[in-house]
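Below is one structure, written out as structure tokens, with a few remarks after it.
No lab work stands behind these numbers, since they all come straight from the coordinates. Fair warning: this is a prediction, and the values are worked out from it, not measured in the lab. Quick reminder, even Gly has a Cβ in these numbers, built from the backbone with ideal geometry, and neighbours come from all protein chains shown.
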Amino acid sequence: MLLNRFEKALMNNPVRAAVQRHFEARRLYALGGPIRGGHALEVGCGRGVGTELVLERFGARSVDAFDLDPHMVELAGRRLARHGDRVRLWVGDAERIEAPDATYDAVFDFGIIHHVPAWPKALAEIHRVLKPGGRFYAEEVLAAFVLHPVVRRFFDHPEEDRFDHARFVAELGQAGFLLVDTRVLWGGFGWYVADRPS
């Protein structure tokens, strides 16, 4: 689902970019390492900060990225123009990823799956587009945060069938992933690295 005005403003500021760059991406890198030379996908690219990190920190050769919001894709296009044909952007939906089976060496989720109403379907789609041996890096917001009364007052999230840490791990397994490593912070935020078995 699309971000409301408040969350969109929160996601499009230098503080959010700094947190993503210096904390979230570092944690995912520590759990899952680089993908040097790989072809990656970012689901829910926003204004393109995550795509930059996948290229620069994780070492991807190229990144495809999409977002449900055309305005965010436009912002990402401006930000990522300097990378030329190493980046391909489109407006898309995590429940129906526009890519053939076994396309990507890695898929990145910087806090997007909790916005998806049918989130298990999104995990199945991510599994489908990963190559055998490919790696899924996910930073996610868990039910304890999403369903908190203060958060619900300011943010719009799907409220049915939200996941906690155990449910997200279980659904990764159900989708066919093999969990590599995970961390949880304050019961409300989780980092996950999982592989599609060869």
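Who wins for biggest fluctuation among Arg96, Arg57, Arg162 in a Gaussian network model of the chain, springs between alpha carbons below 10 Å?
The residue with the greatest mean-square fluctuation here is Arg96.
Would you order Asp161, Asp93, Asp67 from fewest to most other beta-carbon atoms within 10 Å of each residue's own beta-carbon?
Ranked by crowding around the Cβ, least crowded first: Asp161, Asp93, Asp67.
Hey, what did the chain get for relative contact order, percent, Cα under 8 Å, at least 6 apart?
Computed over the chain, the figure is 21 percent.
Give the separation of the Cα centroids, region 73-126 to region 21-36, in Å.
Comparing the Cα centres of region 73-126 and region 21-36, I get a distance of 18 Å.
If amide H atoms are built 1.01 Å from N in the plane of the peptide, which residues on other chains or at least 5 residues away come under 5 Å of the amide H of Arg88?
Val63, Asp64, Ala65
Highest GNM mean-square fluctuation, the chain, Cα pairs closer than 10 Å: which of Ile126, Ile35, Ile113?
Fluctuation is largest for Ile35.
By the scheme Lys and Arg +1, Asp and Glu -1, what is the net charge of all other residues having a beta-carbon under 11 Å from that of Trp119?
-4
Find the Cα radius of gyration of region 1-127, compare it with 2.2 N^0.38 Å by division, and give the number to two decimals.
Values: Rg = 13.5 Å, N = 127, 2.2 N^0.38 = 13.9 Å.
Against the empirical 2.2 N^0.38 Å value, I get 0.98 for region 1-127.
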